[in-house]
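What follows is a single structure, written as structure tokens, with notes after it.
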Amino acid sequence: MTTSGPGAIRAGAAPRPESGFILPIANRSRNPPSACAAIAARGKGRQLVARRNRRHPSTSISIRVTYLPPVDRLLKLGAEPARRRTWPDYRTLGLEDRHVPALIRMATDPALQAAEERDPAGWAPVHAWRALGQLRAAAAAEPLLALLQRELESDWVMREVPAVLGMIGPAALPGATMLLFDDGAGEEVRVAAARVMADAGLEYPERRDEAAAVLSKQLEDWRDQGRLLNAFLVSGLIDLQETEAAPLMEAAFAAKAVDLEVNGDWEDAQVDLGLLTERLTPPPGYAGPRGAAPRASAQSKQRRKAEKQARKRSRKKK
């Protein structure tokens, strides 16, 4: 994983706290301080962004990004709202359907994604794709699916964009289905596609059966695909309460073809599906590396549930 920003959108680890101000980049660019100040003050919607110089990593270059109001307000929000588990309602900034093209451009803007970590503008793509989800912007489905495939190194993209595509819903389903069924695609991308399907099925009850059918169909190949993908297929089916797929899930668990760190074991899955009221046996210790037997990742499971609840709260802001 890389460690450069946009507010470290490309970073694997959680971003460090920011000062909340635009970087003082004038002395590290080709422009003198007065020229940089003049550029920054030329008009609304224009902002200097500090970008790492790939030829000389210890220095930065300055570039201009131009967005008109009210989209330009996202350039200044910075890290604090981005780190909130429950997303702000970006429509209170005046964002409407007519701003969708500019929001798509911002969400996929390479200059912003390459911005230095401390620059508030580097967090603008996060705010932009969240706004697209809240606006149910069908036009954003294809660009965001492409972003998923392009930014595999980004924890922010891989964690949030599937949820956004789930909020967009119907327009994202064909592309997500194709990605999920693509045996040549990487496992991370297919896991993201499975999450899109599950979230869309939850967000749009009329598409729930379609989403469950796609996830079940892919789980039929559990023998020929990774344990992580199988686990997220099971997770999606649990979210959608697809009890008809229980025999298929049981077979995958019995063959040890499911990553137990995601949902727990088959008994946990049955409890989550409502097929059992509680476990019949004590939670097992899952064998770790070199014969170690740590407890099942309860913290990981709790974190995933918390993230689901947070996405649900964000979806309620319609």
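The values are calculated or read from the model by the stated rules, or taken from the named source; none is laboratory data. What you see is a predicted model; the values in this text were computed from it and never measured. A quick note on method: Cβ atoms are made from the backbone with ideal geometry, for glycine too, and the neighbour counts reach across all protein chains shown.
Details
- Condition check for Asp89: at pLDDT below 95 and more than 13 Å from Val71 (Cα to Cα): no
- Selection status of Val189, out of contact with any Asp or Glu (no Cβ under 6 Å at 6 or more places or on another chain) and either touching a residue at least 40 places away in the same chain (Cβ under 8 Å) or not in a loop (DSSP other than H, G, I, E, B) (or both): yes
- Residue in the stretch 205-217 that is among the small types (Gly, Ala, Ser) and within 16 Å of the chain's Cα centre (by Cα) present: no
Here is a yes/no grid of residues against (1) closer than 21 Å to Arg73 by Cα; (2) in contact with a strand residue (DSSP E or B) (Cβ under 9 Å, 6 or more places away or on another chain):
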residue: Gly133; (1), (2): yes, no
residue: Ala138; (1), (2): no, no
residue: Trp156; (1), (2): yes, yes
residue: Val164; (1), (2): yes, no
residue: Met167; (1), (2): no, no
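- If you check Glu244, Glu307, Glu250, Glu267 for being modelled with pLDDT under 95, part of a helix (DSSP H, G or I) and among the acidic types (Asp, Glu), only one passes: Glu307.
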